[in-house]
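The values are calculated or read from the model by the stated rules, or taken from the named source; none is laboratory data. Nothing here was measured: the structure is a model prediction, and the numbers come from that model. Cβ coordinates were reconstructed from backbone atoms using ideal geometry, including for glycine residues, and neighbour counts include every protein chain displayed.
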Amino acid sequence: MPSVHRQGAGNLRNHRPTFAHRLQYGLFLALQALVGIVPWWLARALGRAVGRLYYRIDARHRRVVRENLRNASLGINDRAIRAMSRACFEHFGTLLFTILRSFRASPEAIRRITRIQGREYIEAALAEGKGVIGLTAHLGNWELMGLALGLEGLNLTVIGRELDNPLLETRLRQFRMKSGNSFIAKEGAVRGTLKALKKGKVVAFLLDQDALTTGVFVAFMGRWASTFSTPAMLACRYDLPILPVASRVEVDGTITVRAFPSFHPSDTGDSARDVWTTTQLMTSWIEARVREQPCQWFWMHRRFKTQPGPGMPGPPPEWLTGNDRPACG
């Protein structure tokens with residue numbers, strides 16, 4: 001097993017596990033033990049069945065998925081929305097069980113179900129020697145994407161939110177780091193991010209979550225979406241390459257990890273404009289990938305919850321006119 005980078009390991013939540021946490025953890029271990037011994041195809045089939053079950057019983061998330069699909073600029077009717085909603089639940093059930101199966105899988109087993117395309121783009125970005133802003137999303141199977149890259153020596157430093165259950169968080173972090181990747185807790189991540197970039201590492205941002213009042217509004221799927229501007233700000237300030245990487249679950253259950261050519265941030269001399277333009281470019285790349293495989297994106301998340309209005313971040317500045325201004329409702 002590759003050596004484990006322990007950057008960020010001290011950021012685990014400090015509260016002691018409750019009875020509910022221990023119960024959840026016990027159920028997780030039992031399920032992991034069961035799924036860990038079945039063939040991959042059966043793990044995927046079980047996950048698909050669980051996804052169908054949750055589609056029927058989880059009315060709240062079913063409504064969120066349908067609302068998101070209905071308001072996105074996909075150009076599909078209600079019948080297609082229902083079908084896509086079911087497929088989305090099935091995908092995430094399969095994703096969960098594939099990850100559970102992966103906890104006990106050997107590196108060779110992980111390599112057999114994953115393939116990496118565009119390695120040369122990752123190496124070219126790293127060769128600049130500045131550190132790299134990794135751009136990705138909750139699409140395909142992002143957990144195995146990181147694991148597969150780490151096994152090939154293409155290690156990531158991943159920024160993520162810690163789970164509320166400290167026992168599950170510890171187990172998940174061990175899984176994420178076992179191929180040599182690093183983890184930085186989202187809360188107070190700037191210092192760790194700067195240290196990793198100074199060492200020339202790839203710091204991966206999943207840039208497809210609602211940023212509430214701390215973000216900037218950019219166009220995404222035909223709507224305004226509050227988006228974290230930190231990766232664009234870092235890229236602009238230090239002229240860092242931005243490396244897009246996506247994953248896709250194929251029909252046979254294998255996972256394709258695809259790196260794209262890196263690009264550099266906008267540089268007009270106007271820092272606010274450059275950060276906004278770069279954030280929009282990054283978000284537009286994510287949108288293109290979502291449109292390629294819409295059933296594999298995380299529609300359960302209320303991505304468009306934050307909209308321009310009182311107490312919220314302002315809409316794009318007035319200098320965004322004409323072709324610069326996205327067409328959003």
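A few remarks follow.
- If you filter the stretch 253-271 down to residues that are small (Gly, Ala, Ser) and in contact with a Pro (Cβ under 9 Å, 6 or more places away or on another chain), you find that the one that is surrounded by the most Cβ atoms within 10 Å (Cβ to Cβ) is Ala259.
- Sole residue being among the charged types (D, E, K, R), in a strand (DSSP E or B) and in contact (Cβ under 8 Å) with a residue 24 or more places away in the chain, chosen from Arg171, Arg101, Arg176, Arg115: Arg115
- Set Ala83, Ala125, Ala87: member being modelled with pLDDT of 95 or more, touching a Pro at 6+ places or on another chain (Cβ under 6 Å), assigned to a helix (DSSP H, G or I) and not aromatic (Phe, Trp, Tyr): Ala125
- Residues within the stretch 38-73 that are hydrophobic (A, V, I, L, M, F, W, C) and at pLDDT below 95, tallied: 1
- Residues in the stretch 181-206 that are at pLDDT 90 or above and either in a loop (DSSP other than H, G, I, E, B) or of a type in the set (Phe, Trp, Tyr) (or both) were compared, and the one that is nearest to Met145 (Cα to Cα) is Asn181.
- Among residues of the stretch 64-76 that are closer than 10 Å to Gly222 by Cβ, those with a beta-carbon under 9 Å from a residue that is outside any helix (DSSP H, G or I) and among the aliphatic types (A, V, I, L, M) at least six positions away or on a different chain give the pairs Asn71/Met221; Ala72/Met221; Ser73/Met221; Leu74/Met221.
- Residue within the stretch 219-227 that is buried (at least 20 other Cβ atoms within 10 Å of the Cβ), free of Cβ contacts under 8 Å to residues at least 60 places away in the same chain and touching a strand residue (DSSP E or B) at 6+ places or on another chain (Cβ under 9 Å) present: yes
- Considering residues of the stretch 27-36 that are touching a helix residue (DSSP H, G or I) at 6+ places or on another chain (Cβ under 9 Å) and without any contact (Cβ under 8 Å) to a residue 24 or more places away in the chain only, the residue farthest from Ser106 (Cα to Cα): Leu29
- Condition check for Gly329: exposed (fewer than 13 other Cβ atoms within 10 Å of the Cβ), at pLDDT below 95 and farther than 27 Å from Ile76 by Cα: no
- Selection status of Arg237, touching a residue at least 40 places away in the same chain (Cβ under 8 Å) and of a type in the set (Lys, Arg): no
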